[in-house]
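Report on the structure given below.
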Amino acid sequence: MSPTTQGLMVLLVTLAMLLSGTPVAFGLGAIAVVFIMIFQGFGALHVVAETFYAGLNDFTLVSIPMFVMMGAAIGSSPAGKDLYEALDRWLYRLPGGLVISNLGACALFAALTGSSPACCAAIGKMGIPEMRRRGYPDDVATGSICAGGTLGILIPPSITFILYGIATETSIGRLFLAGVIPGIMLTGLFMLWTLFIIWKRGFRSHAVDFRYSWKEKFESIPKIAPFLAIIVGVMYVLYGGVATPSEAAGVGAALCVVMAVIIYRMWSAKSWWAILRDTTRESVMILMIIAAAVLFGYMLTSLYLTQTLAQAIADAHFNRWVLMGMINLFLLVCGFFIPPAAIILMTAPILYPIITAAGFDPVWFGVILTINMEIGLIHPPVGLNIYIVSSIAPDVPVTRIMWGTIPYVICMFLAIVILCVFPEIATWLPDRLMGVAMRR
């Protein structure tokens, strides 16, 4: 049987598995084992346990549960509410100031948690009811939170970047730095659209003569300042050569837990149990997907499927930008059905040799890939953030929430185009702080 026929069989079975709702880790692992047995015989099964173990035998993976704990500690505290209130007091005079505040809070909370669903849920629980109470249109109130939540996987520290770095052996430090300016740019695009649509509709959330005093503004800062200081500190030790990503993640997680206890008096065993439970659940899920994806990748390589695909694309002699457009379309479609972690771990080892052979920077591509994952988070049929927001505002029709996300999806497409035209937006900061990397 030719590699092309084998590849089509693997593709069809994998799609059926993903659409069936089977847990990704178990599905990928089962498919890998079955195809290894079918095409290589039972004698090849001795590599399954070794490959599965090798997928987790990487010290860099220690940073994942640490960053997850960092997010769990913040997510279990009222930090999101405090961020939201602080920004509202400073930005309330802007048209659509409350929406701008929510988007700013999402960006800051993203830097604290690195998780899109956590960011969406934490800010949305406070922001959506308050925006609707003040009369903001439902589509703007819900769509902005859906979009703002996606910043959790772009603004560092990002678990998405860690997974991409592990899958492609790309510097995680460079990926974190590469996400900073695009994350700020995307936040700015979201805010610009919000300012425009609110101005166009002539909406004001406060009376013309309403004012927050300077005292009220500065009273909102002390609770959030320590957490922002932790983020700055983690980034400093990471890029100042003081600590490795794993060490920086451990210190950041410990400090976030300590700050949550000190500032929000989270002394109870119930609070600690929630933090440890959420950390363990999400970390085990991610690590199982990583191990299964490594086994799945071994199966693809051993059957010469990835090599055949890469060679077919090379032989087709596509223009490099046509190729990038096809890859973006492929990632976009994948994002409609598959969670970001699974997409990265399944596709990055296949796409990496293709994009490097075409002359693209793998760090830059990591940012492009992540923005594609963001689009999938607010686009049906999966659209995880849409359903999180729907659970927060169940009386708002899901179709109205979806229509509210469309302008922000367009902003993401615009961000991808801008990054393709000006790739230095992603590569300048890592090159500036860590030296110019060798371009493949």
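On a full-extension model of 0.36 nm per residue, what is the gain between V421 and L45, subtracting their alpha-carbon distance, rounded to one decimal in nm?
Going from the current span to full extension adds 130.7 nm.
On a 0 to 90° scale, report how tilted helix 172-201 is relative to the longest principal axis of the chain, with both axes built from alpha carbons and the result rounded to the nearest 10.
Tilt relative to the chain: about 50 degrees.
Measure off 7 Å from each Cα along the Cα-to-Cβ vector at I410 and F26, then give the distance between these two points in nanometres to one decimal.
4.3 nm
Given a 10 angstrom Cα cut-off, can you work out which residue in M299, M326, M185 is the most mobile in a GNM of the chain?
M326
Please turn the phi angles of segment 125-133 into ³J(HN,Hα) values with the Karplus equation 6.51 cos²θ - 1.76 cosθ + 1.60 (θ = phi - 60°), one per residue in order, whole Hz, x for glycine and proline.
4, 8, x, 5, x, 5, 5, 5, 4
Per the helix-only calculation at 222 nm, which mean residue ellipticity applies to the chain, given -39500 (n - 2.57) for every DSSP H run of n ≥ 4 and division by its residues, nearest 500 deg cm²/dmol?
Rounded to the nearest 500, the figure is -25500 deg cm²/dmol.
Hey, of [x] 0.95; [y] 0.98; [z] 1.00, which did the structure itself give for Rg/Rh (Cα atoms, Kirkwood Rh) when calculated?
The calculated read-out lines up with [y].
What order do you get for C334, C106, C420 when you list them from fewest to most C-beta neighbours inside 10 Å?
C420, C334, C106
Using Cβ contacts closer than 10 Å as the measure, can you line up D278, D361 from fewest to most?
Fewest-to-most Cβ neighbours within 10 Å comes out as D278, D361.
Once phi is turned into θ = phi - 60°, what whole-Hz ³J(HN,Hα) does the Karplus curve with 6.51, -1.76 and 1.60 give for every residue of segment 33-49, x standing for Gly and Pro?
For segment 33-49, the Karplus curve yields 5, 5, 6, 5, 5, 5, 9, 10, x, 5, x, 7, 5, 5, 7, 4, 5 Hz.
Under 30 Å between alpha carbons: how many lysine pairs meet that in the chain, if sequence neighbours fewer than 8 apart on the same chain are excluded?
14
Test of understanding: ordering L276, L12, L98, L61 by Cβ neighbours within 10 Å, fewest first, what list do you get?
Exposure proxy ranking, most exposed first: L12, L276, L61, L98.
Provide the packing ranking of 116-123, 394-401, i.e. peptides ordered by the mean count of other C-beta atoms within 10 Å per residue, highest first. Write down the numbers at each step before the final one.
Values: 116-123: 27.0, 394-401: 14.0.
Result, highest mean first: 116-123, 394-401.
Values quoted throughout were computed directly from the atomic coordinates according to the rules given, and no laboratory measurement underlies them. Predicted model, so just to flag it, every value in this text is computed and none were measured. Backbone-built Cβ (ideal geometry, glycine too); neighbour counts: all protein chains shown.
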